[in-house]
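Notes follow once the structure below has been shown.
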């Protein structure tokens, strides 16, 4: 294989990885990131429900009068139905985060459909209304994944403000890194679609104290200067 061919293959592989994994990429299809509304923030939480920390997070959000968006893993919803119902009853938006949190960019097509359908069915059974938003685990996607989500009536969602809160032990560092991203987005005229984790995809009961405490810092820092919204304030699915 010549150097030119090697280079072309490398560029193709790099471009494919960017399209599949980079949250801002729209190459494989449109995803909701954030609109040009610099005064708005959307708190979103992935990988729950988590009986160890989601209830404390809900108490925190209620104390600030803020609603968030929860991207829920189907198998955890099946294990914690009352907690899913509490999330919905308290006015938060619920989204589909797949059944078992696989990398959908590499998952066979029939399993992609099963992961999304099974999760939506379980969530709709628990909360009594359709699920309209979907976030792919790890942000990993390909055209078939996005088309499947849309065929099921869901808008695919990525983000523009995230840090490694699932492994970072310091709430202060999580909050400071997210604040830096929020301020950068705001200077550029954009809202911030913020990802934190109230659960862990490997199992129930993950320690998400740093993430919840970082959320508390964001609420305190921005409640007087920003408007907290759920994702349906930014876009409605077309189906």
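The values are calculated or read from the model by the stated rules, or taken from the named source; none is laboratory data. The shown structure was predicted, so the numbers you read here are calculated from the model rather than taken from an experiment. Note: ideal-geometry Cβ built from the backbone for every residue, glycine included; neighbour counts use all protein chains shown.
Would you be able to tell me the number of residues in segment 86-114 that are in a helix (DSSP H, G or I), over 20 Å from residue 43 (Cα atoms) and free of Cβ contacts under 8 Å to residues at least 12 places away in the same chain? Walk me through how you get there before you give the answer.
Initially, segment 86-114 is screened for residues in a helix (DSSP H, G or I), giving 86-89, 109-114.
Going one step further and asking which of them are over 20 Å from residue 43 (Cα atoms), we end up with 109-114.
Next cut, free of Cβ contacts under 8 Å to residues at least 12 places away in the same chain only: 110-111.
Looking only at that region, the number is 2.
From the list 182, 174, which one is under 24 Å from residue 40 (Cβ atoms) and either touching a helix residue (DSSP H, G or I) at 6+ places or on another chain (Cβ under 6 Å) or modelled with pLDDT under 95 (or both)?
Working: 182 fails: either touching a helix residue (DSSP H, G or I) at 6+ places or on another chain (Cβ under 6 Å) or modelled with pLDDT under 95 (or both).
Only one candidate passes the filter, namely 174.
Check whether at least one residue in segment 63-85 is free of Cβ contacts under 8 Å to residues at least 12 places away in the same chain and closer than 20 Å to residue 233 by Cα, and report yes or no.
To start, the set of residues in segment 63-85 that are free of Cβ contacts under 8 Å to residues at least 12 places away in the same chain comprises 63, 65, 82.
Within this subset, residues satisfying the condition of being closer than 20 Å to residue 233 by Cα are 65.
Scanning segment 63-85, I find at least one residue that is free of Cβ contacts under 8 Å to residues at least 12 places away in the same chain and closer than 20 Å to residue 233 by Cα, so the answer is yes.
Residues that are in a strand (DSSP E or B) and either touching a helix residue (DSSP H, G or I) at 6+ places or on another chain (Cβ under 7 Å) or crowded, with 20+ Cβ neighbours inside 10 Å (or both): does segment 136-154 have at least one? Steps first, please.
Within segment 136-154, the first condition is being in a strand (DSSP E or B), and the residues that meet it are none.
For segment 136-154, residues in a strand (DSSP E or B) and either touching a helix residue (DSSP H, G or I) at 6+ places or on another chain (Cβ under 7 Å) or crowded, with 20+ Cβ neighbours inside 10 Å (or both): absent.
May I ask you to verify whether residue 19 is under 19 Å from residue 142 (Cα atoms), out of contact with any helix residue (DSSP H, G or I) (no Cβ under 7 Å at 6 or more places or on another chain) and either modelled with pLDDT of 95 or more or surrounded by fewer than 22 Cβ atoms within 10 Å (Cβ to Cβ) (or both)? I'd like the intermediate steps shown before the answer.
On the way: under 19 Å from residue 142 (Cα atoms): yes; out of contact with any helix residue (DSSP H, G or I) (no Cβ under 7 Å at 6 or more places or on another chain): yes; either modelled with pLDDT of 95 or more or surrounded by fewer than 22 Cβ atoms within 10 Å (Cβ to Cβ) (or both): yes.
In short, yes.
Across segment 176-193, which residue is nearest to residue 208 (Cα to Cα) among those that are free of Cβ contacts under 8 Å to residues at least 60 places away in the same chain and in contact with a strand residue (DSSP E or B) (Cβ under 8 Å, 6 or more places away or on another chain)?
Per the criteria, the residue is 178.
Residues are listed down the side, and each one gets a yes or a no for (1) over 16 Å from the mean Cα position of the chain (by Cα); (2) in contact (Cβ under 8 Å) with a residue 60 or more places away in the chain; (3) in a loop (DSSP other than H, G, I, E, B):
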site	(1), (2), (3)
165	no, no, yes
174	yes, no, no
195	no, yes, no
210	yes, no, no
214	yes, no, no
217	yes, no, no
232	no, yes, no
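With respect to residue 120, is the statement that it is surrounded by fewer than 18 Cβ atoms within 10 Å (Cβ to Cβ) and either modelled with pLDDT of 95 or more or part of a helix (DSSP H, G or I) (or both) true? Before you say what the answer is, go through the steps one by one.
Working: surrounded by fewer than 18 Cβ atoms within 10 Å (Cβ to Cβ): no; either modelled with pLDDT of 95 or more or part of a helix (DSSP H, G or I) (or both): yes.
Here the answer is no, as residue 120 does not meet what is asked.
I'm checking my understanding of the structure. Among residues of segment 80-115 that are more than 23 Å from residue 205 (Cα to Cα) and surrounded by 15 or more Cβ atoms within 10 Å (Cβ to Cβ), which one is nearest to the chain's Cα centre (by Cα)? Give the steps one after another, and end with the answer.
Start the filter on segment 80-115 by keeping residues that are more than 23 Å from residue 205 (Cα to Cα), which leaves 91, 104-114.
Still in the list and also surrounded by 15 or more Cβ atoms within 10 Å (Cβ to Cβ): 104-105, 107, 112-114.
Details: 104: 14, 105: 16, 107: 19, 112: 17, 113: 19, 114: 19 Å.
Restricting to residues being more than 23 Å from residue 205 (Cα to Cα) and surrounded by 15 or more Cβ atoms within 10 Å (Cβ to Cβ), the top hit is 104.
Against the definition (part of a loop (DSSP other than H, G, I, E, B), touching a strand residue (DSSP E or B) at 6+ places or on another chain (Cβ under 9 Å) and surrounded by 18 or more Cβ atoms within 10 Å (Cβ to Cβ)), how does residue 131 come out, yes or no?
Judged against the criteria, residue 131 is a match.
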